[in-house]
Amino acid sequence: MRIATLLAATSGLALLSTAALAAPSLADDAAADVDSVIVTRLPSEPETVLGLTVITDQEIDARQSVFAADILSDVPGLSLSRNGAFGGVTTVRIRGAAGDKTLVLVDGMVQNDASSPNGGFDFAGFDLGDIERIEILQGPQGSLWGSDAIGGVISFTTREPNGVRLAVEGGSHGTARANLSGGVSQERFAVGGSVAAYRTDGVSKAANGTEDDGFESWTASLGGRVALGEKVTLDGRVRYNRFQVDIDGYDAFFAFGDTADRAESESWSGYARLRANDLIGLDHSLTFSAYDLSRDNISAFSSTYEAQRTTWRYTAGRGGAKDPLSFIAGIERDDTEATVSTGAAYDLGSTSAFGVLRYAPIEALVLTGALRHDAPDEFDSKTTARLSATWAVGGGFALQASWGQGYKTPTISQQVCDFCFPAGPSVGLKPESADGWDLGASWRSADDRFFVQAVAYRLEVEDQISYGTGRYVNIDRTRTDGFTLSGDAVFGNVVLSAGYAYTDAVDDTTGARLLRVPEHSGRISLGWEGERLTGRFTVRAEGEQADSNPSTFSPEVRDGFVTADVAGGFKITEAVELTLRIENLTDENYQESLGYGETGRAAFIGFRFRP
């Protein structure tokens with residue numbers, strides 16, 4: 001399905017937009033309280049969900065984060081690898097699992113790239129200009145979201161604008177950025193949209209290079225919402241992104257360094273949803289979503305890849321985040337098509353049914369269970385489950401535990417064995433499966449000024465798919481043991497936040513450490529929240545990690561590093577704020593991924609208009 005087909009399929013969305021409707025801030029199929037989370041399928045209070053991190057637009061603004069990778073790298077339990085600053089391929093791993101096991105959602109729509117070999121998501125050009133909220137749920141979530149959610153889920157919720165917002169910024173490396181959004185949001189209808197543009201001269205993607213590699217990106221979104229009656233609501237959204245980036249590669253002698261290579265990407269995604277509340281005692285939702293992605297790698301060995309996905313989903317449920325008994329059940333059909341390096345197109349499909357039930361037998365105890373049955377067209381059916389419990393023991397203390405399963409079917413590229421020698425489809429390739437558990441303890445002060453949490457976990461993946469000796473094969477097992485510590489404290493206008501993660505990720509077959517997963521990582525952030533002056537000072541540290549040298553393809557160790565960033569704002573008026581951000585304050589010479597360049601000290605200045 002090409003872009004034109006996608007737009008035709010979402011014509012209802014376009015009509016909504018023309019009629020001056022705007023998308024809601026909810027990203028899934030059930031109504032939720034403002035403070036509830038929806039990455040759990042069933043709206044839930046955050047304190048009842050183990051392994052959850054919520055990042056609000058207030059924190060995004062305070063950090064002045066431009067792209068998703070700018071802020072996700074600070075979350076304990078997540079490790080980020082980037083093939084060079086400013087647009088290099090960016091992968092986020094959760095709990096040591098490979099990046100293809102991180103499921104990415106925007107307003108409930110799956111964004112993972114079906115045309116990439118492992119089906120992962122590239123965070124390089126994901127602009128946060130229209131994002132209101134990020135929810136990260138760690139651990140296997142197969143019972144909630146099906147395939148690709150072995151490591152966890154990162155869910156982005158777009159903003160429903162009300163009024164006009166403008167931000168402009170420029171600085172080091174010839175960087176310029178602008179973001180504009182506007183709309184009207186009322187009880188019965190809303191209309192809004194946004195556009196964000198970014199460009200930079202960049203730095204060399206190869207650490208040994210001398211030629212700057214530029215990056216340009218722009219993102220636009222438009223959506224709508226309208227109440228068709230007392231109980232019926234129709235809403236939708238379409239989002240577009242395009243970026244192009246200069247990358248480094250290999251010359252005629254297969255030496256890694258400066259080249260004229262570049263990559264381009266264009267994607268559309270959209271959804272339309274009809275909701276009917278309190279109909280025969282249940283809240284119903286019918287959603288159609290689609291995306292279309294095209295990637296071009298321009299080099300001496302140029303290639304083009306395309307991917308399309310359509311999903312139909314129906315759910316019915318009852319109860320909100322604070323109700324003692326809540327549930328949701330649903331069915332969905334997912335169809336995916338993608339091309340491989342030869343230009344040939346292949347498709348995959350799956351039909352699924354799922355349910356989530358939450359029950360609080362007493363006020364202090366919350367029990368949650370989820371079950372999902374997936375029936376892929378090309379593989380045997382699979383049923384996955386998840387159980388969790390939260391017990392508020394008193395005095396602000398809570399104990400939590402969870403256990404979950406996940407699985408991932410081979411991608412189109414893996415099934416047809418793209419780039420394999422000798423050529424030919426994979427034979428006997430099995431889906432990956434996972435089990436994981438969490439144990440957690442937390443304490444929150446009565447005045448909500450102090451919070452601390454500790455979580456220990458194990459994640460085991462069986463039959464993990466890897467490329468070896470010219471073909472895709474299943475390896476026996478990978479295992480990650482780890483724990484995270486995080487906390488926040490408020491002292492008047494001062495906000496202190498810190499997090500630490502220990503991650504022991506290994507291939508159980510060989511005992512070797514998994515690539516690009518640091519054993520130790522952490523960050524500490526000190527903020528000031530005044531009436532006119534705000535600021536954030538953040539220090540991030542990573543220990544050494546196992547990696548692969550892009551020049552020799554041999555295993556090596558990437559050194560650890562410590563970086564510091566500072567961001568501040570000063571309100572000239574209630575509506576106008578000057579902003580200043582300095583990245584890599586100490587001018588640290590470091591690499592996120594071995595052999596790829598990162599920026600030195602860089603400064604950016606701008607203003608924000610928010611009446």
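The values are calculated or read from the model by the stated rules, or taken from the named source; none is laboratory data. The shown structure was predicted, so the numbers you read here are calculated from the model rather than taken from an experiment. Cβ placement follows ideal geometry from the backbone for every residue including glycine, while neighbour counts extend to all protein chains displayed.
Overview of values
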item	result
Test: R444 is surrounded by 15 or more Cβ atoms within 10 Å (Cβ to Cβ) and in contact with an Asp or Glu (Cβ under 7 Å, 6 or more places away or on another chain)	no
The listed residue being part of a strand (DSSP E or B), touching a Pro at 6+ places or on another chain (Cβ under 7 Å) and closer than 28 Å to D213 by Cα, out of A546, A567, A541, A603	A546
Close pairs (8 angstrom Cβ cut-off, 6 or more residues apart or separate chains): farther than 13 Å from Q464 by Cα in segment 424-440, charged (D, E, K, R) and part of a loop (DSSP other than H, G, I, E, B) anywhere	G436/R95
Out of T310, T259, T304, sole residue that is over 30 Å from D374 (Cβ atoms), out of contact with any Leu (no Cβ under 8 Å at 6 or more places or on another chain) and touching a residue at least 40 places away in the same chain (Cβ under 8 Å)	T259
Any hit, segment 260-267, residues being part of a strand (DSSP E or B), closer than 30 Å to G317 by Cα and either within 25 Å of the chain's Cα centre (by Cα) or polar (S, T, N, Q) (or both)	no
Close pairs (9 angstrom Cβ cut-off, 6 or more residues apart or separate chains): of a type in the set (D, E) in segment 222-244, assigned to a loop (DSSP other than H, G, I, E, B) anywhere	D235/L21; D235/A22; D235/A23; D235/P24; D235/L26
Search result, residues across segment 437-483 that are assigned to a strand (DSSP E or B) and of a type in the set (K, R)	R444, R458, R471, R477, R479
In segment 321-330, residue surrounded by the fewest Cβ atoms within 10 Å (Cβ to Cβ) [restricted to those that are hydrophobic (A, V, I, L, M, F, W, C) and part of a strand (DSSP E or B)]	L325
In segment 356-386, residue modelled with the highest pLDDT [restricted to those that are farther than 30 Å from I412 by Cβ and among the charged types (D, E, K, R)]	R358
Residue in segment 173-193 that is in contact with a Ser or Thr (Cβ under 8 Å, 6 or more places away or on another chain) and among the charged types (D, E, K, R) present	no
The listed residue being within 26 Å of A454 (Cα to Cα), of a type in the set (D, E) and surrounded by fewer than 19 Cβ atoms within 10 Å (Cβ to Cβ), out of E544, E556, E574, E531	E544
Residue under evaluation S466, criteria (1) modelled with pLDDT of 95 or more; (2) out of contact with any Leu (no Cβ under 8 Å at 6 or more places or on another chain); (3) closer than 24 Å to A505 by Cβ; (4) not aliphatic (A, V, I, L, M), criterion not met	(1)
Among residues of segment 280-294, those that are at pLDDT 95 or above, buried (at least 17 other Cβ atoms within 10 Å of the Cβ) and within 26 Å of the chain's Cα centre (by Cα), counted	8
Qualifying residue in segment 190-198 (condition: under 30 Å from N118 (Cβ atoms), part of a strand (DSSP E or B), among the hydroxyl-bearing types (S, T, Y) and modelled with pLDDT of 95 or more)	yes
Qualifying positions in segment 402-434 - surrounded by fewer than 18 Cβ atoms within 10 Å (Cβ to Cβ) and at pLDDT 90 or above	W403, K430
Checklist (1) crowded, with 17+ Cβ neighbours inside 10 Å; (2) under 18 Å from G96 (Cα atoms) applied to L439, failing item	(1)
Filter result for the condition that a residue is closer than 30 Å to Y305 by Cβ and at pLDDT 50 or above, over S17, S81, S36	S81
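To keep it simple, each residue is scored yes or no on (1) out of contact with any Gly (no Cβ under 6 Å at 6 or more places or on another chain); (2) more than 20 Å from D107 (Cβ to Cβ); (3) modelled with pLDDT of 95 or more.
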| residue | (1), (2), (3) |
| --- | --- |
| D127 | yes, no, yes |
| Q138 | no, yes, yes |
| D148 | yes, no, no |
| S155 | yes, no, yes |
| R165 | yes, no, yes |
| S172 | yes, yes, yes |
| R177 | yes, yes, yes |
